[in-house]
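A.B. asks: This is the structure I have questions about; it appears just below.
The values are calculated or read from the model by the stated rules, or taken from the named source; none is laboratory data. Here the structure is a predicted model, which is why all the values come from computation and not from measurement. Reconstructed Cβ throughout: ideal geometry from the backbone, glycine too, with neighbour counts over all protein chains shown. Just so you know, the surface numbers come from the protein's heavy atoms only, side chains and all, with ligands and any DNA or RNA stripped out. Shrake-Rupley method; radii C 1.70, N 1.55, O 1.52, S 1.80 Å.
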Amino acid sequence: MKLLENVRGARTGDGAVAAAMALGKRLRKTTVLAGDAFGFIGNRMLEPYGRECLALLRHRDVGVADVDGALRDFGMAMGFFAMSDLAGNDIGYAVRTSLGLTDAATRDPAVEYSADVADALVEAGRLGQKAGKGWYLYEQPRVPSPDPAVDALVSQFKDSSLPNVDAEAILDRALLALVNEGFRVLEEGLALRPSDLDVVWTSGYGFPRHKGGPMQWAEERGLRECRATLERLAAERPDVPYLRPAKLLEAMAEADAPLADWEKYV
């Protein structure tokens, strides 16, 4: 991976930051300075993106291949589920367990939990490529193929009351969850500038370079449209905090401000 996140803690000195940046350059890495908080930049933004991909599986007409296919057609190097298989599905499971989310008794019942299907996958031993099976089957190393066993597992979490979802809606939900969290990362001072978020996601997470990155994509789409779509999605699912427009996004959309002026609205 080309990406290197240089994490600056509360007591990290300027010299240490500079030394880490220089090391990244010698290693021929694309190095981005990040704040010290859950997930830093890349994984922090990945969290709601992944949860929304999982939530989409509840719709009766949406399968793993549908979500991944929409994301690949958009230009992502890999769909979320193929990426999870590559990283190891047990990694996300371990994070959720550390946060008390895999146990229904310890998570907040007022907040939607869409990762129950991912928990069941791991508990069934489908850890990803290293196990030869995950969201996909790997009869040949690194070559994913659909597995009816996954369809059967996913079917247990379907909600027949949910409407049909097309590829456009899949992209809206997954990508706007990603972008919205990016605005929260900026609000919290975990990145120096919006373009750093784009560098992280184009260098380490497979976001299509020709689209510039998630933040540039959002600006080209229109921040007002992004806000309006998130408001609609949040109204439909009020128990999903990450869909509520970030304060920074709200302020910039209201002012119709360019992304370059973001610091004026923090």
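A.B. asks: Quick check: the angle from helix 167-187's long axis to the longest principal axis of the chain, C-alpha only, nearest 10 degrees?
C.D. replies: Approximately 40 degrees, to the nearest 10.
A.B. asks: Can you tell me, using C-alpha contacts under 8 Å and at least 6 residues apart, the relative contact order of the chain as a whole percent?
C.D. replies: Computed over the chain, the figure is 22 percent.
A.B. asks: Something else: Which angle from 0 to 90°, rounded to the nearest 10, does the C-alpha axis of helix 42-56 make with the longest principal axis of the chain?
C.D. replies: That helix lies at roughly 30 degrees to the long axis.
A.B. asks: Which ³J(HN,Hα) values, rounded to whole Hz and listed in residue order, are derived for the range 153-166 from phi using the Karplus coefficients 6.51, -1.76 and 1.60 in 6.51 cos²θ - 1.76 cosθ + 1.60 with θ = phi - 60°, glycine and proline given as x?
C.D. replies: Karplus values, whole Hz, x for Gly and Pro: 5, 5, 4, 5, 10, 6, 10, 5, 7, 7, x, 5, 10, 9.
A.B. asks: Let me ask another. Ordering LYS29, LYS130 by how much accessible area each has at a 1.4 Å probe, largest first, what is the list?
C.D. replies: These residues rank, largest area first, as LYS130, LYS29.
A.B. asks: Here is a follow-up. Hey, which lysines would be in cross-link range of LYS133, C-alpha to C-alpha under 22 Å, not counting anything within fewer than 8 residues on its own chain?
C.D. replies: Once the sequence-local lysines are set aside, what remains near LYS133 is LYS158.
A.B. asks: Please compute the per residue accessible area over the range 75-202 with all protein chains in place, 1.4 Å probe, rounded to a whole number of Å².
C.D. replies: Per residue, the range 75-202 has 46 Å² of solvent-accessible surface.
A.B. asks: Taking the Cα centre of the range 1-81 as the origin, how large is its charge dipole in debye, to the nearest 20, when only Lys and Arg (+1) and Asp and Glu (-1) carry charge on their Cβ atoms?
C.D. replies: So the magnitude is around 440 debye.
A.B. asks: Now, a different point. Provide the solvent-accessible area of THR229, counting protein heavy atoms only and rolling a 1.4 Å probe, rounded to the nearest 10 Å².
C.D. replies: Spelled out: THR229, probe radius 1.4 Å, area about 20 Å².
A.B. asks: Relative contact order for the range 130-266 using alpha-carbon pairs under 8 Å, separation at least 6, rounded to a whole percent?
C.D. replies: 19 percent
A.B. asks: On to the next question. Kindly report, to the nearest 10 Å², the accessible surface of ILE91 as traced by a 1.4 Å probe over protein heavy atoms only.
C.D. replies: 90 Å²
A.B. asks: Projecting each Cα onto the charge dipole of the range 93-213 (Lys/Arg +1, Asp/Glu -1 at the beta carbon, about the Cα centre), which of TYR136, LEU162, VAL185 comes out farthest on the positive side?
C.D. replies: About the Cα centre, the residue reaching furthest to the positive side is TYR136.
A.B. asks: I need the peptides 179-188, 155-164 ranked by packing, meaning the mean over residues of other C-beta atoms within 10 angstrom, with the highest value on top.
C.D. replies: Put in order of decreasing packing, that is 179-188, 155-164.
A.B. asks: Specify the angular offset, from 0 to 90 degrees and rounded to the nearest 10, of the alpha carbon long axis of helix 223-236 from the longest principal axis of the alpha carbons in the chain.
C.D. replies: Tilt of helix 223-236: around 40 degrees.
A.B. asks: Can I ask one more? Cut-off under 18 Å on the C-alpha distance; same-chain residues fewer than 8 positions from LYS2 excluded. Which aspartates and glutamates are left, in chain and number order?
C.D. replies: Those aspartates and glutamates meeting the cut-off are ASP196, ASP198.
A.B. asks: Additional query: Could you compute the FRET efficiency for GLU254 and LEU162, with r as their C-beta to C-beta distance and R0 at 41 Å, rounded to 0.05?
C.D. replies: 0.85
A.B. asks: Enumerate the amide H contacts of THR102 below 5 Å, restricted to partners 5 or more residues apart or on another chain; note that Pro and chain-start residues carry no placed amide H.
C.D. replies: THR97
A.B. asks: Percent of accessible area on the range 36-195 owned by carbon and sulfur, 1.4 Å probe?
C.D. replies: 54 percent
A.B. asks: For a quick check: with amide H placed at 1.01 Å from N, whose amide H comes under 5 Å from THR30's, ignoring anything fewer than 5 positions away on the same chain?
C.D. replies: Placed amide hydrogens put LEU3, LEU4 under 5 Å from THR30.
A.B. asks: Further, regarding this structure: So if I place +1 on the C-beta of Lys and Arg and -1 on the C-beta of Asp and Glu, and nothing else carries charge, what would the dipole magnitude of the chain be about its Cα centre? I want it in debye, nearest 20.
C.D. replies: My answer is approximately 1000 debye.
A.B. asks: Please figure out what share of the DSSP beta bridges in the chain is antiparallel and state it in percent, rounded to the nearest 5.
C.D. replies: Rounded to the nearest five, the antiparallel share is 40 percent.
A.B. asks: Still on this structure, I have one more. Just name one of GLY69, SER203, PHE38: the one whose Cα is farthest towards the positive end of the charge dipole of the chain (beta-carbon charges, Lys/Arg +1, Asp/Glu -1).
C.D. replies: Result: SER203, furthest along the dipole toward the positive end.
A.B. asks: Taking amide H positions as placed in the peptide plane 1.01 Å from N, state which residues far from LEU137 in sequence (5 or more) or on other chains have amide H under 5 Å from it.
C.D. replies: Under 5 Å from the amide H of LEU137 lie the amide H atoms of SER145, ASP147, each far enough along the sequence or on another chain.
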